[in-house]
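Novice: Can you keep this structure in mind? I'll have questions shortly.
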Amino acid sequence: MFKTLKYTKDFPNEGFASIEAAREWVAGFADLYNTKFMHSGIKYVTPHQRHYGLDQEILSKRKETYEQARRSHPERWSGNIRNWDYIKYVALNPVRKDDFFKKTRHLS
């Protein structure tokens with residue numbers, strides 16, 4: 001998130017006047033990041049939508065819209081529609097299975 005924060009167009013490159021100003025700016029950024037920015041890793045919904053379970057209906061409607069568009073104009077499609085299926089589990093830093101087993105092998 002730091003890179004996203006640092007490279008946003010509104011980031012004050014000259015710094016902040018005070019710690020309070022920095023906190024206020026970051027709080028505003030976090031709100032935008034969680035409620036306005038659509039994230040590719042969660043199928044272009046916001047973290048807020050994902051957290052509150054609103055994404056399932058959004059993804060379902062998107063999938064139907066794409067399917068309807070493909071049925072209406074198949075000549076515009078050379079392949080499959082985008083995958084809008086709901087992702088049950090997401091993680092910022094997912095643990096790979098082989099890493100998990102290496103780290104927990106000594107417990108058995």
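The values are calculated or read from the model by the stated rules, or taken from the named source; none is laboratory data. The model shown is predicted, which means the values in this text are computed figures rather than measured ones. Here the Cβ positions follow ideal geometry from the backbone for every residue, glycine too, while neighbour counts run over all protein chains shown.
Residue-by-condition table, conditions (1) at pLDDT 95 or above; (2) over 17 Å from Trp84 (Cα atoms); (3) out of contact with any helix residue (DSSP H, G or I) (no Cβ under 8 Å at 6 or more places or on another chain); (4) outside any helix (DSSP H, G or I):
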| position | (1), (2), (3), (4) |
| --- | --- |
| Phe16 | no, yes, no, yes |
| Glu20 | yes, yes, yes, no |
| Gly28 | no, yes, yes, no |
| Leu32 | no, yes, yes, no |
| Gly41 | no, no, yes, no |
| Arg50 | yes, no, no, no |
| Leu59 | yes, no, yes, no |
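Novice: Collect the residues in the range 61-81 that are surrounded by 13 or more Cβ atoms within 10 Å (Cβ to Cβ) and not in a helix (DSSP H, G or I), keeping them in residue-number order. Walk me through how you get there before you give the answer.
Specialist: As a first pass, look at the range 61-81 and keep what is surrounded by 13 or more Cβ atoms within 10 Å (Cβ to Cβ): 62-63, 66, 69-70, 81.
The answer is Ile81, and nothing else.
Novice: What are the pairs with Cβ atoms under 8 angstrom where one residue, in the range 81-97, is in contact (Cβ under 8 Å) with a residue 40 or more places away in the chain and over 30 Å from Arg71 (Cα atoms) and the other, located anywhere, is charged (D, E, K, R) and assigned to a helix (DSSP H, G or I)? Sequence gap at least six, or different chains.
Specialist: Close Cβ pairs satisfying both conditions: Val90/Arg50.
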